[in-house]
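Please treat every number below as a calculation from the coordinates, not as lab data. Since the structure is predicted, the reported quantities are computational estimates derived from the model, not experimental observations. As a convention, Cβ positions derive from the backbone with ideal geometry for all residues, glycine included, and neighbour counts pool all protein chains shown.
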Amino acid sequence: MSVPTLLDHIVIAGPDLAETVDWFRELTGVTAAPGGTHPSGTANALVALTVGGQPRPHYLELIGPDPEREGEELPKTFSINRLKKPTLITYAVHPEGIDQVVEHARAEGFDPGDVEKLSRSTPDGTQLQWRLTQAQAPRNYAVPFLIDWGTTTQPGLGDLPAIELVSFERIEVNPAPQQKALDALGLGDGVAEIHEGRGSRFVLRLRTEDGREIEI
């Protein structure tokens, strides 16, 4: 059981945000708080992730189409336009010196993508801004994207409903290629451990308030 030391947030995407929030509530008993909307036509809801009962700069992002977006086309962010149900897609880590990490990874043969500015508007109208790596398609979701919140408060430390994070890891049929990409980032135990197994997927384990352990 392990938790990446540099974990920022874990992304669960779905074709309908309200249905994804309902799914998570039925599974865990926790109702994600509205996070806000993005210029990309998506919206999210958030749940803080505690470790050993203590607050950490970690959270779970449930993301889907913004119901008030223009047009009916589903956004391509996190492959939402291709999803049929809530799916654990990827995760983000917050290293020191995001630009230097990108430079190091490229020198080691892996390109995590350019660092770009993004933002979202919270329900109260506050504009949050951050920087993150945007890899070119097809994106390797098994490798985390990098994020730098700058002067913005990391959402996991805000006033959110919370659930305990037990562990987060990656299963790969053939771990070597993904491990090589992770090693290129040079972040050590800051990223999720990869284990060999059947199927390629993330395994997220959460503990509910009544002590049940849930695997997503």
Checklist line | Calculated from backbone phi, Karplus (6.51, -1.76, 1.60) coupling profile of segment 35-44 in Hz, x at Gly/Pro | finding: x, x, 10, 10, x, 6, x, 10, 9, 9
Margin query: Quick check for me: using +1 on Lys/Arg Cβ and -1 on Asp/Glu Cβ, what's the dipole size of segment 1-99 about its Cα centre, in debye to the nearest 20?
Written below: 340
Item checked: Residue (of TRP23, ALA33, THR133) at the positive-pole extreme of segment 7-215, dipole from beta-carbon charges -> TRP23
Item checked: Residue-count net charge about ILE147 - beta-carbon cut-off 10 Å; Lys, Arg +1, Asp, Glu -1 -> -1
Next item on the list: Check cross-link reach from LYS84 to the lysines: straight Cα distance under 21 Å, and skip same-chain residues fewer than eight apart.
Entry: LYS76
Next item on the list: Taking a cut-off of 18 Å between Cα atoms, list the aspartates and glutamates near LYS180, but don't count ones fewer than 8 places away on the same chain.
Entry: GLU103, GLU108, ASP111, GLU169, GLU172, ASP189, GLU193, GLU196
Notebook entry, point to check: Once fully extended, how much extra length lies between SER121 and GLU19, figured as 0.36 nm per residue of separation less the alpha-carbon to alpha-carbon distance?
Noted result: 34.6 nm
Next item on the list: Compute the length gained on full extension between GLU196 and ARG139: take 0.36 nm times their separation in residues and subtract their Cα-Cα distance, giving the result in nm to one decimal.
Entry: 18.4 nm
Notebook entry, point to check: What do you get for Rg/Rh over segment 1-106 if you use C-alpha atoms and the Kirkwood form of Rh?
Noted result: 1.01
Item checked: Percent breakdown of C-alpha pair distances by 10 Å bin, ordered from the shortest bin, for the chain -> 8, 35, 39, 17, 1
Checklist line | Proximal charge balance of PRO112 [Cβ under 12 Å; K/R count +1, D/E count -1] | finding: -4
Next item on the list: Determine the calculated [θ] at 222 nm for the chain from helices alone, applying -39500 (n - 2.57) to every DSSP H run no shorter than 4 residues and normalising by the residue count; nearest 500 deg cm²/dmol.
Entry: -4500 deg cm²/dmol
Check: Summing +1 for each Lys or Arg and -1 for each Asp or Glu, what net charge is found among the other residues whose Cβ lies under 15 Å from the Cβ of TRP23?
Finding: -3
Notebook entry, point to check: Which stretch or stretches of segment 49-64 have amide N atoms under 14 Å from the point lying 7 Å from ARG207's Cα along the Cα→Cβ direction?
Noted result: 50-55
Checklist line | Contour excess over end-to-end distance, with Cα ends at ALA176 and THR151 and 0.36 nm allotted per residue | finding: 5.3 nm
Checklist line | DSSP-defined antiparallel bridges as percent of all bridges, the chain, nearest 5 | finding: 75
